[in-house]
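K.L.:
Pasting a structure here, questions to come.
None of the figures in this text is laboratory data; all of them are computed from the coordinates on show. In this text the structure is predicted, and so the values were computed from the model without any measurement. Positions of Cβ are backbone-derived with ideal geometry, glycine not excepted, and every protein chain shown enters the neighbour counts.
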Ligand code: NDP
C-alpha cells in the first residue's frame, strides 16, 4: 500500500523573503529539512552567502540566496523573476515573511517610518505575491503564506503603523484568495505571537515588558522561532489544499483568551 503522506513537500521549490535571520531563517530551515529547494533572501549579499552555505551543509538540501531591497518596486520585480528563473520557472511555495517594526509615541511617529513600515510589511508582500503568482497561475498550483502577527487583530500602543500593516496582511491574504483561488493557488496567513528574535530583542531585555508577555500568554512563555515551523509546513503541504484565505494564529493562546 502507498504510504499516506499528505504533508510531503519534498522536491518543491520555496522562496522565503527576509530569511537572513530570525523567523524567516527558521522557516527556510524547516522547508530545507523537508526536502525543498530553498531560496534565502535579505539585503546583504556577503552575510547571506555565509548563511546559505551553512544551511546547505546542515540540511543537505539545495539552498540558494538572493539579495534585494523590498522597498524598491523595480528591484522586487526583477528579484522575484530571478528567483523563479533560478528554479527553472517553477516556484511552488512563497513565504512573505520580511518585516520591520518601529516604536514611537503616536505624536512623535515620523511619517518616513510609517512609509517604510507599510512599504516592507504590506506593499512588498503584495508586489512579491503579484509577481510570483504569475508562474503559479500558469501552472495551476502554488502556496503563498503571508506572515501576519497577533497585531493583525490586537493593538498595542506605540506601534500603530506596524499594526495597520499587519491588519492589512489579513485582507491582502483574503484578497489574493479572491484573485487566485480559482487558479489552484492557496494563500493563507500565519500569525505569530511574541517570538524571541532580533526584532523583539529590546522587549525581551525589558523585564517589565517581558513579564507582561509571559503573563498575558496562556502558554506562559515567549515563542521561539521553531514554534512556527510545523504550521508553515502544514500550510505549504497538500494537506492544506482546501484551506484558503485563512489566518492561523500560533501564539500560545494569546488571541484566544482575555
Ligand atoms: P527580524 O528582524 O529578525 O528579520 C527581519 C528580516 O526581514 C530580515 O531577514 C531582514 O533582512 C528582512 N528585511 C527587513 N527589511 C527589509 C527590506 N527593506 N528589504 C529586504 N529585506 C528586509 O524579524 P523577525 O524574524 O522577528 O520577523 C519576521 C516576520 O515575522 C516579520 O514580518 C514580523 O513582522 C513577523 N512577526 C514577528 C514577531 C516576533 O515576535 N518576532 C511576531 C509576529 C510577527 P536583512 O538581513 O537585510 O535586514
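K.L.:
Counting other C-beta atoms within 10 Å, which of 58, 108 has the fewest, and how do the rest follow?
P.N.:
Lowest count first: 108, 58.
K.L.:
Something else: If each residue's Cβ is checked for other Cβ atoms within 10 Å, how do 234, 162 rank with the fewest at the top?
P.N.:
Placing the least packed residue first, the sequence is 234, 162.
K.L.:
Taking the chain as the reference, fit the longest principal axis to its C-alpha atoms, fit the long axis of helix 22-33 to the helix C-alpha atoms, and give the angle between the two in degrees, 0 to 90, nearest 10.
P.N.:
30
K.L.:
Next up: For the chain, modelled as a GNM with alpha-carbon contacts under 10 angstrom, which of 98, 129, 202 fluctuates the most?
P.N.:
Result for the chain, Cα springs under 10 Å: 202 fluctuates most.
K.L.:
I want to verify a result. In a Gaussian network model of the chain, Cα cutoff 10 Å, which of these has the top mean-square fluctuation: 239, 14, 112?
P.N.:
112
K.L.:
Provide the gained length on full extension for the span residue 74 to residue 256, in nm with one decimal, where the gain is 0.36 nm per separating residue minus the Cα-Cα distance.
P.N.:
61.5 nm
K.L.:
Using Cβ contacts closer than 10 Å as the measure, can you line up 150, 23 from fewest to most?
P.N.:
Ordered from fewest to most neighbouring Cβ atoms within 10 Å, 150, 23 come out as 150, 23.
K.L.:
Percent relative contact order of the chain, based on C-alpha pairs within less than 8 angstrom and at least six residues apart?
P.N.:
Once divided by the residue count of the chain, the mean separation gives 19 percent.
K.L.:
Then there is this: For the chain, set up a GNM with springs between Cα atoms under 10 Å and report which of 199, 70, 180 has the largest fluctuation.
P.N.:
So, out of 199, 70, 180, the one fluctuating most is 199.
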